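The values are calculated or read from the model by the stated rules, or taken from the named source; none is laboratory data. Since the structure is predicted, the reported quantities are computational estimates derived from the model, not experimental observations. Backbone-built Cβ (ideal geometry, glycine too); neighbour counts: all protein chains shown. When the accessible area is computed, the model is the full protein with side chains, heavy atoms only, and any ligands, DNA or RNA have been set aside. Shrake-Rupley method; radii C 1.70, N 1.55, O 1.52, S 1.80 Å.
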Amino acid sequence: MKTSSKLLVLIALVFGQLSVGQDQKNSSYDQFKVLPSEKVYVSINTSLLFTGEYLFYKMYCLDDKTKQPSKISTIGYVELINEEKELVFRHKIRLVKSQGQGDFFVPTTVPSGNYKLIAYTRWMKNGEMNLFFQEDISIINPYRVNQDAILPDLSEKPSIGASTAPLVIEEDKRFVLSTDKEVYPKKSKVTLGLKNFRGASGYGNYTVSVRKEEVLRDLKKHTPESYIDWHNKQASNAGAFYEEIRFAPELDGELLKGQLIAKDGIASVVNKKISVSIPGEDFQLKVVLTDSAGVFHVNINKDYTVPNALFQVLDVATEAYTIKIEEEEPLNYSSLRFQNFAMTKEMQDAIVRRSVQNQIENGYFTIKPDTLRLDLLNDPYGGAFVEVINLEEFTRFKTLGETIIELVPNVWTKKNKQGVAVFKVRSFDETYEESEYDALVYIDGVFIAHPEDVLDFDTRTAKSINTVREKYRIGGKYYFGMVNIVTNEGNYFDLLKNANITDFELDSPRPIKNYFNQIYTSESDNRIPDFRNQLLWKPTVSFEGKEMALSFYTSEVAGAYEVILEGFSIYGRPVTIMKSFTVE
C-alpha cells in the first residue's frame, strides 16, 4: 500500500510539471523514467465475425513491475489492421481504474479476410511493438462476390477451417461458475451463479460473455493466462522500465502536444498562456503555459460531444503567433503476421444460416438498442446554479450589448483601466459590490478571449443567455461569473472565422454504453424474432464477495452455448472460467 501511495504522489508531481508547460529539457521526457512499463490484455466476444455483427472488447492495463492493475495510463488504443497492413479502425478508450471498453459494428464495406487486433497505451509506444496486445480476427462478408482472401490455397499448409476441438480452459479452483439448468428451452431465463472460495484474492472486475459455440473454426484466441505467458516470453529481455522515453504517458486523460511559433522568429514564446476551448453543450476550457521552446501540453480528462479543440494565445498580440498541434504518427505494421483462416464447402449451410439470422436481428435493431451512459457527460457549469434568460419570452434587441443592458439583470459590461470592454457578474451577497474579477464569456461553449469583439453579436439568433454567479480559477487567473450565450442552432463554432484561432479535430474516446439485455416479460415480447448468437456481453462485472448472480435470456437459436468469465483480480492475477449449456 505504501508503494502504491508513493507512485500516485510521484505521478501527481510529474503530471503537475507537465500540465503547466514547464521546461521539458528540449522536449525530452526523461523525468518519466521512474514510471514502470505497461502491458494490456483485451477480452473479446469472438475472433470470427460476420458482416452485421459486433466485435465487443474490454481492455485491462497492467503494471509490468507490480503485475497489478496499472495506475499510469488513463487512455488506451485499439486498432484493427487488414492483411494489406491498412488501418480499418482506431479506437481511443478511456481507462478507469485501468479498464476500458468499446465495440465495432462490422459494415458491408469491410471485406472478408484475416485481420489483426492490436491494443496499447501511449506509454507502451516507448517499448517494442511486439509487446503490444495482438489477436487474430477473421471476418466473413457474404455479401461480396470476391472471397479470395479466405478461400483455401491448396499449395500452402492446411488452413484453419471447421472447428475440431473446443476451447480448453484449465480449471480455476478458486471459483465455481454454474447455471440453474443444463438444458433450456428457447426464449427462457438463465440464472448464472459465481462463487468465490478465496476471499479477497478473487475480488476483481471481470468480463462476462455468453455466446453460441463457434462451429466454423478452431478458437485459439488468448485467455488472460495464455496472454501473460506469451507476453512474459516476448518480454524476457525487457526490463520493467523503458530505457528511452519518446512518448509521455497519458496520466490524466487525452494528451495533446503543441507549439507556439512566432511569425517573425523573434517574439518571445516563453511562458505564454494558451487557451484550449472545446465547444458544445458540454463545453470545457483549459489554459496552459508554454515552455522555453514554446511547447505546451494539454490534458483532456472529461468527455465531450463536439470533437474540436480551439487554441488561442492569450494576453499578447495574437496575430504575431501561430499555433501548431502535433499529429500522432501512425504505427509501423510491417512486422504483423496474420492467421490463415479459410472457408470450406462444409461451411456453406452454417454461413447462410448465420447471415440470415444477422439480417433479421439488424432489422429489429431499433427496438433492441444499446444506450449511452448519459450520466458520464460533462457538466460545464460544475453543478452550480444556472440563471437562464429565455430570450424568446422577451422583445428582441439586435446586439448582445443591448440585450445585456435590457434583459440580463445580474450581468453588465464596462471598460477596464486599459479601455477594453469586459463582462461583469454580480455576486449573491446583498452588498452588490462589483467583483474585481472579470467574467468568463462563451457563445455555444466557445471561449471568447476578447469579449469586446462580440458586443455587436446579433442576439436575434440567440435562444438564451445562461449565467453562473460563482468564482473560477483557470490558468492561474481568477474570474467571477460565467456567461454563455446559446444560439438557436447551437452552431457558433461552425460559423466562427478567426485567423487567430487554431482549430484541431479531436479523436474522441469511445462512449461508454449499456448493452442491450433481452428480457421476456410479456406475450408481446415473444412475437418479436430473436436470433441472437450473443446472449450477453457484460464488460464490467465487479465482484467483491463470496457469491453473485446474473441472469439473461436465451434466443430462438438452438445449440451449445458457452459462458466465459475472464479478467484480472485486484492483485493482477489472471482469471478465466467457462461453463457450457444447451438450448433446444
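With all protein chains present, how much of the accessible area of the chain (probe radius 1.4 Å) comes from carbon and sulfur, to the nearest whole percent? Whole-percent figure for carbon plus sulfur exposure: 51. Loop-located GluC sites (Glu not before Pro) across region 211-257 with a Cβ neighbour count of 11 or fewer within 10 Å are Glu243, Glu244, with loop assigned by DSSP. Computed from Cα atoms, the angle from the helix 224-234 axis to the main principal axis of the chain rounds to 80 degrees.
Which net charge results for the neighbourhood of Phe104, defined as the other residues with beta-carbon distances under 10 angstrom from its beta-carbon, given Lys and Arg at +1 and Asp and Glu at -1? Show your work: numbers first, answer last.
Details: positive: Arg510; negative: Glu53, Asp103.
So the surrounding residues net to -1.
On a 1.4 Å probe surface of the protein chains, which of Phe365, Phe516, Phe457, Phe133 comes out largest in accessible area, and what is the full order?
Details: Phe365 95, Phe516 70, Phe457 35, Phe133 0 Å².
Correct descending sequence by accessible area is Phe365, Phe516, Phe457, Phe133.
Largest first, how would Thr461, Thr395 line up by accessible area (1.4 Å probe)? Can you show the working numbers first?
Details: Thr461 65, Thr395 110 Å².
If we order Thr461, Thr395 from most to least accessible, we get Thr395, Thr461.
Between Lys195 and Lys220, what's the calculated FRET efficiency when r is the beta-carbon distance and R0 is 22 Å? Round to 0.05.
Numbers: r = 29 Å, r/R0 = 1.31.
FRET efficiency, Lys195 to Lys220: 0.15.
According to the square roots a ≥ b ≥ c of the eigenvalues of the Cα gyration tensor, what is the shape class of region 384-434, taking rounded for a/c under 1.5, prolate for a/b larger than b/c otherwise, and oblate for the remainder? Could you put the intermediate results ahead of the total?
On the way: a/c = 2.50, a/b = 1.18, b/c = 2.13.
It comes out oblate by the Cα gyration axes.
Compute the distance from the alpha-carbon center of region 465-483 to that of region 108-149, in whole Å. So the two Cα centres are separated by 47 Å. Shape analysis of region 512-584 places it in the prolate category; the axes a ≥ b ≥ c from the Cα gyration tensor give an a/c of at least 1.5, with a/b above b/c.
Computed with a 1.4 Å probe over protein heavy atoms only, the accessible area of Tyr333 comes to about 20 Å².
Can you give the local net charge around Phe531? Use residues other than it whose beta-carbon is closer than 13 angstrom to its beta-carbon, Lys and Arg +1, Asp and Glu -1. Display every interim value, and only then the final one.
Details: positive: Lys186, Lys187, Lys212, Arg353, Arg354, Lys368, Arg532; negative: Glu53, Glu361, Asp530, Glu556.
Here the charged neighbours net out to +3.
Mean separation of Cα pairs under 8 Å and 6 or more residues apart, divided by the residue count, gives the chain a relative contact order of 21 percent.
Gyration tensor over the Cα atoms of the chain: the corresponding equivalent ellipsoid has semi-axes (square roots of 5 times the eigenvalues, largest first) of 49, 29, 24 Å.
What FRET efficiency comes out for Arg144 versus Asp180 if R0 is 45 angstrom and r is the Cβ-Cβ distance? Round to the nearest 0.05. E between Arg144 and Asp180, to the nearest 0.05, is 0.60. Computed from Cα positions, the angle between helix 348-363 and the longest principal axis of the chain comes to roughly 30 degrees.
Assuming a ≥ b ≥ c are the square roots of the Cα gyration tensor eigenvalues, decide whether region 329-387 counts as rounded (a/c under 1.5), prolate (otherwise, with a/b larger than b/c) or oblate.
Working: a/c = 6.81, a/b = 1.62, b/c = 4.20.
Taking the square roots of the gyration eigenvalues as a ≥ b ≥ c, region 329-387 is oblate.
Which value, in Å², gives the accessible area per residue of region 235-392 when a 1.4 Å probe is used on the protein heavy atoms? Don't jump to the answer; show the numbers that get you there.
Numbers: 8190 Å² over 158 residues.
It amounts to 52 Å² per residue over region 235-392.
Using a simple spin-label model with pseudo-atoms 7 Å out from Cα toward Cβ, Val386 and Arg527 lie 4.2 nm apart. A simple count of charges around Ala549, restricted to other residues whose Cβ falls under 11 Å of its Cβ and scoring Lys, Arg +1 and Asp, Glu -1, yields -1. A simple packing score, the average count of other Cβ atoms within 10 Å per residue, orders the peptides 402-409, 571-578 as 571-578, 402-409, with the highest score first.
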